[in-house]
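Asks: This is the structure I want to talk about, given as structure tokens.
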Amino acid sequence: MSVNLSIQRTERPKERPSEQELGEIKFGTVFTDHMLLIDYDEGKGWHDARIVPYGPISLDPAACCLHYGQLIFEGMKAYRTKEQGVVMFRPDRNMARMNESCLRMCIPPIDEKEFLDAIAQLVRVDDAWVPSAPGTSLYVRPFIFADEPFLGVRAAYSYIFATILSPVGSYFKEGLAPVKIYVENEYVRAVRGGTGFAKCAGNYAASLKSQEEAHRAGYSQVLWLDGVERKYIEEVGGMNIFFVIDGEVVTPELNGSILPGVTRMSVIDLVKSWGMPMSERKISIDELARAYDARRVDEVFCTGTAAVISPIGELKWNDIVMRFNDGRIGKVSQRLYDEITGIQTCVLEDKHGWVYRVG
Ligand SMILES: *Cc1c(COP(=O)(O)O)cnc(C)c1O
């Protein structure tokens, strides 16, 4: 495909929520006026890139994504800055990861640069929807699904790439208030050799049961252990996890079942650039509990596009309850949050070349 992007503007723009209302709206429930669609057909490749009014997509009931789950997605954000217009944070990493997910799920690859250009064009068309109040942004959700009507089990011959946009306020109503997390001992999210590293819909479907039980017990998210030994720490729901132990920042190494977060990657780079010790390695839940008993754990936090940095105030593993930093956000977490959000909104200098100008 060489993007020959057609644009059909809506004749009935929706009413946009005010910046104030945005703070009250649940994450990901309001969508803008337009969406991006690109078709794929075997033999033809990706074609017919078009921005059209936001609305239902018609699908054959036999469309394979509905039966066998060939569906991947991405999540990134566009920010309105004071002086540099609208920008995105490292979207090239998201597009590269999307291709990793495609590869794993037998979805044909996309041209990362062309598709990102098309997404940026969509954001420009819906520019008025990019909010400007502190903490707000436009969430960008690209996804690809198999739409071929076919009930056999094989990779489909036709797909739709779509992108929708959703203005969002702060992810957590309490702001940076630490969350309570339940360590899952029974269910697993992913195993090595499986699809854990791919951002595919099925991973989330597999996690819902555990998430529901954790909610009922009063916890906001689940911490996953490795799928084989239930011993090594992997990640939290839709976020990666970090510990500050004896002044060293530690995060589980990527092993095929952990999702390689763009925020995770950025945190690692920042910590290193500050000259702080940073290690990606295996860390078991026993090791953490022992370090906790010895009062060596200074901070625990998770990272992801939606919340950026989310401090963890409490971890419950079987009968053991670990509480960190007196239920307050720690110094490293706060510094990371300030630095990343500062770069994202162009308040701080972009020393790493992470900011992408939408226009
Ligand atoms: C998307 C996602 C993350 C976070 O990735 P970011 O690129 O930082 O947003 C972490 N874990 C899972 C399972 C995810 O789907």
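Asks: Please go through the stretch 240-257 and give me each residue that is within 11 Å of the ligand (Cβ to nearest atom) and over 27 Å from Gly342 (Cβ atoms), ordered by number.
Replies: Within the stretch 240-257, just Ser257 meets the criteria.
Asks: Now for a different question. Before we move on, is Phe301 closer than 20 Å to Ser170 by Cα, more than 9 Å from the ligand (Cβ to nearest atom), buried (at least 18 other Cβ atoms within 10 Å of the Cβ) and at pLDDT 95 or above?
Replies: yes
Residue-by-condition table, conditions (1) within 15 Å of the ligand (Cβ to nearest atom); (2) at pLDDT below 95; (3) closer than 21 Å to Ala190 by Cβ:
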{"residue": "Val262", "(1), (2), (3)": "yes, no, yes"}
{"residue": "Leu288", "(1), (2), (3)": "no, no, yes"}
{"residue": "Asp293", "(1), (2), (3)": "no, no, no"}
{"residue": "Val297", "(1), (2), (3)": "no, no, no"}
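Asks: Residues of the stretch 132-142 being surrounded by fewer than 20 Cβ atoms within 10 Å (Cβ to Cβ) and of a type outside the set (Ser, Thr, Tyr), which ones?
Replies: Correct list: Ala133, Pro134, Gly135, Arg141.
Asks: Going by the conditions given, is Leu254 over 30 Å from Lys44 (Cα atoms) and surrounded by fewer than 18 Cβ atoms within 10 Å (Cβ to Cβ)?
Replies: Yes.
Asks: Do any strands (runs of 3 or more DSSP E) lying entirely in the stretch 131-215 carry at least 2 residues that are more than 18 Å from Leu103 (Cβ to Cβ) and under 16 Å from the mean Cα position of the chain (by Cα), and which ones are they? Explain how you work it out, then say what you get.
Replies: Numbers: elements: 137-146, 158-168, 179-183.
Fully inside the stretch 131-215 and qualifying: 137-146, 158-168.
Asks: Kindly indicate the residue of the stretch 240-251 that is closer than 25 Å to Trp354 by Cα and out of contact with any helix residue (DSSP H, G or I) (no Cβ under 8 Å at 6 or more places or on another chain) and also surrounded by the most Cβ atoms within 10 Å (Cβ to Cβ) among those meeting that condition.
Replies: First, the residues of the stretch 240-251 that are closer than 25 Å to Trp354 by Cα: 240-244, 248-251.
Add one more test, that the residue is out of contact with any helix residue (DSSP H, G or I) (no Cβ under 8 Å at 6 or more places or on another chain), and what stays is 241, 248, 250.
On the way: Ile241: 26, Glu248: 14, Val250: 24.
The selected residue is Ile241.
Asks: Please work out which one of (1) within 16 Å of the ligand (Cβ to nearest atom); (2) modelled with pLDDT of 95 or more is the condition Gly237 fails and give its number.
Replies: (2)
Asks: What do you reckon, is Pro142 touching a residue at least 40 places away in the same chain (Cβ under 8 Å) and in contact with a Leu (Cβ under 7 Å, 6 or more places away or on another chain)?
Replies: It is false that Pro142 is touching a residue at least 40 places away in the same chain (Cβ under 8 Å) and in contact with a Leu (Cβ under 7 Å, 6 or more places away or on another chain).
Asks: For the stretch 114-123, indicate whether the set of residues that are in contact with a helix residue (DSSP H, G or I) (Cβ under 6 Å, 6 or more places away or on another chain), modelled with pLDDT of 95 or more and among the acidic types (Asp, Glu) is non-empty.
Replies: No.
Asks: Six or more apart or on different chains, Cβ under 7 Å: which pairs go from a residue in the stretch 199-217 that's modelled with pLDDT of 95 or more to one that's within 15 Å of the ligand (Cβ to nearest atom) and in a helix (DSSP H, G or I)? Could you list them?
Replies: Pairs found: Lys199/Arg97; Lys199/Ser101; Cys200/Ser101.
Asks: Moving on. Return only the number of the condition from (1) surrounded by fewer than 18 Cβ atoms within 10 Å (Cβ to Cβ); (2) within 13 Å of the ligand (Cβ to nearest atom); (3) farther than 30 Å from His67 by Cβ that Tyr204 does not satisfy.
Replies: Just one mismatch for Tyr204, condition (3).
Asks: Looking at Leu270, is it crowded, with 16+ Cβ neighbours inside 10 Å, in contact (Cβ under 8 Å) with a residue 24 or more places away in the chain, over 19 Å from Val222 (Cα atoms) and within 15 Å of the ligand (Cβ to nearest atom)?
Replies: Judged against the criteria, Leu270 is a match.
Asks: Evaluate the following for Ala128: is it in contact (Cβ under 8 Å) with a residue 60 or more places away in the chain, over 23 Å from Thr345 (Cα atoms) and not assigned by TED's automatic domain parsing to the domain that holds Gly194? I'd like the intermediate steps shown before the answer.
Replies: Numbers: in contact (Cβ under 8 Å) with a residue 60 or more places away in the chain: yes; over 23 Å from Thr345 (Cα atoms): no; not assigned by TED's automatic domain parsing to the domain that holds Gly194: yes.
No, not satisfied.
Asks: Within the stretch 17-39, which residues are modelled with pLDDT of 95 or more and not aliphatic (A, V, I, L, M)?
Replies: From the stretch 17-39, those modelled with pLDDT of 95 or more are 30-39; that's our starting set.
Within the stretch 17-39, Phe31, Thr32, Asp33, His34, Asp39 meet the criteria.
Asks: Shifting gears a bit: Being in contact with a strand residue (DSSP E or B) (Cβ under 7 Å, 6 or more places away or on another chain) and of a type in the set (A, V, I, L, M) is the filter; apply it to the stretch 222-236 and report the residue that is nearest to Gly194 (Cα to Cα).
Replies: Among them, the one singled out is Leu225.
Asks: Could you check, for the stretch 77-97, whether at least one of its residues is of a type in the set (A, V, I, L, M) and within 21 Å of Glu148 (Cα to Cα)?
Replies: no
Asks: Can you find, within the stretch 50-109, the residue that is surrounded by the fewest Cβ atoms within 10 Å (Cβ to Cβ) among those that are more than 28 Å from Gly135 (Cβ to Cβ) and of a type in the set (D, E, K, R)?
Replies: Per the criteria, the residue is Asp60.
Asks: Residue check, Gly359 against (1) at pLDDT below 95; (2) more than 30 Å from Asp127 (Cβ to Cβ), all met but one. Which one?
Replies: Of (1) at pLDDT below 95; (2) more than 30 Å from Asp127 (Cβ to Cβ), only one is false for Gly359: (2).
The values are calculated or read from the model by the stated rules, or taken from the named source; none is laboratory data. Quantities reported herein were computed from a predicted structural model and do not represent experimental measurements. Backbone-built Cβ (ideal geometry, glycine too); neighbour counts: all protein chains shown.
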